[in-house]
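The values are calculated or read from the model by the stated rules, or taken from the named source; none is laboratory data. A quick note: this is a predicted structure, and the numbers were derived from the prediction, not measured. Cβ sites come from the backbone with ideal geometry, for glycine too, and all protein chains shown count toward neighbours.
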């Protein structure tokens, strides 16, 4: 299967490694910075792979079947739509878009053109997360009471200075949209997906040089009667502390932690079907960074979805739901009130100037 990558920045090594692990034919890479392409060519032995500064030229010349989009967030939607119009299946890095109207158009047009869209929420493929999901689908938790997502990370001036789009409403959003959306996705997915109401607060406490928030806190009421709590920040001193997901049910309690919810730290079920210590040992991973090991199985799933004409495990609608929840928190915080879902069209640009002095 012919594959191309658009965007050779911070997350691109995970995409290239996943493409190679799944034996894709890498026919082109694209970035507006030639040095970024050269760097990845050297690191991943991509000699002979054509390099492009214009992704439209790459699409025309290479005709890839599958394209991964790993540019700044604000360009995800327009590039995805161009790829879809070209007949390409797409893997879109999170978030799928920065507005609900763009996400809706990606989903609509992909169905019209008969191509697959995958939202790159790779943590759903963590061994720990898959084990938890299995327990949930087997109803081992009983009635779900509530779940919590905590993302306690650090991002400093150097991080934002390396890419001027980071932290802007036009091209990124803040901590919730960029760093926390993976765990927000997991919380919504595990708690039944359907959200009734959101109450949120956001602030910019420690990054005066960025536009958006570095702290977000939210309470969620799900339609199934359960609740959620989100705490996300990039203010933790002096480095990343943890990313954790708790699930509390009538008959079960689970905690996933580690760098990217890649370890099961608590496993308690009334049915006692398995040994908690064995589960912790078998379903824990130790990735080298917060991106984890999920890209490779995500790619394998998308390839299979294309070959067998089925929906990817993490499809465009899943990406839209994660986006909608972040935007609902932003809207609640900005308006000082609870927000009911589903949301009408909403965009990060609706909050431009939110923290202006």
The stretch 10-101: strands (runs of 3 or more DSSP E) wholly inside it with 2 or more residues that are in contact (Cβ under 8 Å) with a residue 24 or more places away in the chain and within 24 Å of the chain's Cα centre (by Cα) are 25-30, 66-69, 89-93
Of those in the stretch 312-324 that are buried (at least 19 other Cβ atoms within 10 Å of the Cβ) and in a loop (DSSP other than H, G, I, E, B), the residue nearest to the chain's Cα centre (by Cα) is 314
Residue count, the stretch 325-357, condition part of a helix (DSSP H, G or I) and over 22 Å from the mean Cα position of the chain (by Cα), comes to 2
Apart from one, (1) farther than 28 Å from residue 248 by Cα; (2) touching a residue at least 24 places away in the same chain (Cβ under 8 Å) all hold for residue 158; the odd one out is (2)
query = In this structure, does residue 46 turn out to be under 21 Å from residue 124 (Cβ atoms) and touching a strand residue (DSSP E or B) at 6+ places or on another chain (Cβ under 8 Å)?
reply = no
Of the conditions (1) over 25 Å from residue 16 (Cα atoms); (2) loosely packed, with under 12 Cβ neighbours inside 10 Å, the single one that residue 274 does not satisfy is (2)
Residue count, the stretch 300-311, condition surrounded by 15 or more Cβ atoms within 10 Å (Cβ to Cβ) and over 15 Å from residue 88 (Cβ atoms), comes to 2
Within the stretch 299-311, restricting to residues that are outside any helix (DSSP H, G or I) and without any contact (Cβ under 8 Å) to a residue 24 or more places away in the chain, the one that is nearest to residue 187 (Cα to Cα) is 310
Only one of 204, 239 is surrounded by 18 or more Cβ atoms within 10 Å (Cβ to Cβ) and over 21 Å from residue 147 (Cβ atoms), namely 204
Of the listed residues (20, 94), the one being modelled with pLDDT of 95 or more and either surrounded by 22 or more Cβ atoms within 10 Å (Cβ to Cβ) or outside the structural domain of residue 311 (by TED's automatic domain parsing) (or both) is 94
When the stretch 105-152 is checked residue by residue, the ones that are part of a loop (DSSP other than H, G, I, E, B) and surrounded by 20 or more Cβ atoms within 10 Å (Cβ to Cβ) are 115, 116, 121, 126, 141
